[in-house]
Structures are given as structure tokens and as C-alpha cells.
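Below you'll find the structure, written out as C-alpha cells, and then a few comments.
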Amino acid sequence: MNLANIFTYENLVHLGDILIIWFVLYNVANWVRGTRAMQLVRGIVILIFVRLIAWWFGFDTVSWILDQVINWGPIALVVLFQQEIRRALENLGTKSFFRPSGPSVPSEEIVMTALDQALPYLSRRRIGALIAIEQETSLAEIIETGITLDAQVSSALLINTFIPNTPLHDGAAIINGDRLEAATAYLPLSSNPSTSKDLGTRHRAGLGLAESTDAIVIIVSEETGEVSIAHKGVLYRSLKPEKYDQFLRDRLIPENEKNRSAVFSNLASWIAGSAKKKHDQDNSKKENS
Ligand SMILES: Nc1ncnc2c1ncn2[C@@H]1O[C@H](COP(=O)(O)OP(=O)(O)OP(=O)(O)O)[C@@H](O)[C@H]1O
């Protein structure tokens, strides 16, 4: 086979064409994942599936109705999803869209280090705090209710955000990846009637977000300094530092990261052990001679 026949101008154009489509679909899928639009995609797939069944069995009326929905649906979608479409187009022009992925320090480690230092500080001084960490479900709508920060997460920034009587201290701080996206965000209050009556609004707001999304929400009580975590509709109250640290590590750090850290620490202790053994052997040889 002649390679020159493969690398023709037409074939390279086709390859470029495929790569562009792949890039667009990949980014659309990433954007849609965990947002309201995901349910919409499911709805569209079901509609197409039902339309195919109607065509197969020859249900003319069902087919006609579905055809009307499919023809006019896009206009309804633009009206219903105008906010999301606007946000997507705005994102297209920001640097974050092209930000290279895979920072040298994993974002989960950056967030864990910041929390490890900030939470004991806030807790000891009884500084009330509400911190939501975005997971699969997008918190874009919640972020819009607050003041945008888009800064790298650090313990100093988290602590400063919640210092009482400063402009950012009220409401919730939202973390996405290793970015502190916003502060003063408003969270939906828990609608669960069985929640304890002694819960104040900070805790109710934390639980509310954990009921409607998969975010991990950390609450530091202003009254007691106790740290609680709300996740998947459950409020874990008054956690000791080892407990909340373990809880966060288990949920934030992916298994492969943990394994990689374990491999590196095993390797490091093996190298340190071998060096010590050799050092001891050299010393005993010197003493014997
Ligand atoms: N819906 C909400 N979204 C975000 N933050 C909220 C919301 N509701 C209340 N807060 C925050 O909680 C603070 C009030 O906390 P409140 O004392 O009522 O709650 P609490 O659960 O008893 O907490 P604490 O133990 O810290 O007193 C507000 O100043 C605000 O910062």
C-alpha cells in the first residue's frame, strides 16, 4: 500500500472534519453532564425512540403529533434554555474553556490541603462558614446568586471569605475543581419536614443543597464551632477533625490518586529503608576493621 495515497489533501481535510466534530461533541457532552440539559437529552432520545416505534407500527396520529413536537421543539428549547445557551456562549470566549487540563498538583489535593488548614481555624474561633464543593451536578445556577471570585482555593482565601462583617462572609462559598468560584451564594433550604427543629438556616441551607444535588457541603457552626457535612441528603453533624478529614478524602480523592500516592510513599519508604540498611552495614564494616 502506498502511504502517499493515504495522506492526500482530501483525507487530511476529512480527518480535520472528524476531529472538529469529536471536539465539539466531547465539550457539549462534558457541559451537559450533570446539568438540567441532561434530562432534556434523555427526553429527546425517548421522543425519537417513540417516533420510531410509531413509524414501525404505522400509528399515523401519534407520528403526526410527534412530528409537530420535533419540528417546533427547537424553538421552545431556545426559549426554555436561554440562560444555559447564553452561559455556554459566554464560556466559549473565556480562557477557562481552553485552560489546559491536568495541573501538576491534582485539584483535589489543593482543596484538601486548604480545608485541612482552614476548617480547624474557623472551628476554633467559631467563625460560621458554609462551603459547597461541586461534584457531578453543575452548581452554575447557585454560583450566579453569589459574587464571582474564580480564584485558586487556598486556606487563607477560605478563612478570609468567612471573617464576620466583611462583604463576602454571608451565604455560601462554592468550590469547583481547585477554584473558589463564588462567595455569598444563596443555597436552597431543606424541604424535608423531618429535619431536626433545632437546625438553624445555615445548616438547613447546607442540607438543602445536598438534597437537590450531589455537592458536598461543609458547615461550620458560628454558635458551637462544630463542623458538619451534608452529602446526598444526609447531614453528618459534629464531626471530629479526623472524621471530617477522612470523609472528605474518601469522597474527593479518586481511587487512582490514592493508589498513586500509596505507590509513591511505598517507593519512598523502600528507598529510605535500603539507604539506612546500607549505611548501617558500612558502619559495622568500619567498626570491625
Ligand atoms: N439559604 C442560605 N444560603 C446560604 N447561606 C445561608 C442561607 N441561609 C442562611 N445562610 C447563612 O447562615 C447564616 C445564619 O445562620 P444561622 O445562625 O441562622 O444558622 P445555624 O444553622 O444556627 O448556624 P450557626 O450554628 O452558625 O448559628 C446567615 O448569616 C447566612 O450566612
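What follows is calculated from the coordinates using simple rules that are stated; it is not laboratory data. Because the structure is a prediction, the values reported are computed rather than measured. Counting neighbours? That spans all protein chains shown, and the Cβs are built from the backbone with ideal geometry, glycine included.
If you take the alpha carbon radius of gyration of the range 119-259 and divide it by 2.2 N^0.38 Å, what ratio comes out, to two decimals?
Cα Rg divided by the expected 2.2 N^0.38 Å: 0.97.
Can you work out ³J(HN,Hα) from phi for every residue in the range 21-30, in order, using Karplus 6.51 cos²θ - 1.76 cosθ + 1.60 and θ = phi - 60°, giving whole Hz and x for Gly and Pro?
4, 4, 4, 5, 4, 4, 6, 5, 4, 5
Among the aspartates and glutamates, which have Cα under 14 Å from the Cα of LYS232 when same-chain residues fewer than 8 positions away are ignored?
GLU134, GLU136, GLU211, ASP214
Size of the dipole of the range 143-221 about the Cα centre, Lys and Arg at +1 and Asp and Glu at -1 on the beta carbon, nothing else charged, in debye to 20?
Its charge dipole is roughly 260 debye.
Please give the length that would be gained between LEU12 and ILE163 if that part of the chain were fully extended, namely 0.36 nm times their separation in residues minus their C-alpha to C-alpha distance (nm, one decimal).
48.6 nm
Could you list the trypsin sites (Lys or Arg not before Pro) in the range 168-256 that lie in coil according to DSSP, counting only those with at most 16 other Cβ atoms within 10 Å of their Cβ?
For trypsin sites (Lys or Arg not before Pro) across the range 168-256 that sit outside H, G, I, E and B with at most 16 neighbouring Cβ atoms in 10 Å, the list reads LYS197, LYS232.
Could you list the square roots of 5 times each eigenvalue of the Cα gyration tensor of the range 150-225, that is, the equivalent ellipsoid semi-axes, sorted largest first and rounded to whole Å?
Result for the range 150-225: semi-axes of 23, 15, 10 Å.
So which aspartates and glutamates pass the test for LYS243, namely a Cα distance under 17 Å, with those fewer than 8 places away in the same chain ruled out?
Leaving aside aspartates and glutamates fewer than 8 places away in the same chain, those within reach of LYS243 are ASP116, GLU226.
Points 7 angstrom from Cα along the Cβ direction at VAL41 and ARG124: gap in nanometres?
4.6
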